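Notes follow once the structure below has been shown.
Any read-out appearing in this document is the output of simple, stated calculations on the displayed coordinates, not a laboratory observation. It should be emphasised that the depicted structure is a prediction, and the values quoted were computed from it without experimental measurement.
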Amino acid sequence: MPSSSPRGLLDSVVGLCFTLLLAAVALHVAVRLIEAVWPVLLLILAVIGLLALATWLLRNRGPGW
């Protein structure tokens, strides 16, 4: 049961503020990591897509392959 003393309330508020600060820092780091990885991820997906398209085109080209 939470205490109703001023000290207990102050501890709860400080704990909440620290938790919010930690969550904001974690979100900031996650966004920066996604920003750093995004171009490489798009390049990899583009290469995989081109390889899949080339494979599909070669297989459906007609007789002889």
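So what's the back-of-envelope 222 nm ellipticity for the chain, counting only DSSP H runs of four-plus at -39500 (n - 2.57) apiece and dividing by all residues, rounded to 500? Before the final figure, lay out each step's value.
Details: 1 runs with 54 residues, N = 65.
So the helix-based figure for the chain works out to -31500 deg cm²/dmol.
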Checklist entry - Taking only Cα atoms, what is the 0 to 90° angle, nearest 10, from helix 6-59's long axis to the longest principal axis of the chain? => result 0
Checklist entry - In whole angstrom, how long is each semi-axis of the equivalent ellipsoid of the chain, when you take the square root of 5 times every eigenvalue of its Cα gyration tensor and sort them from largest down? => result 58, 13, 4
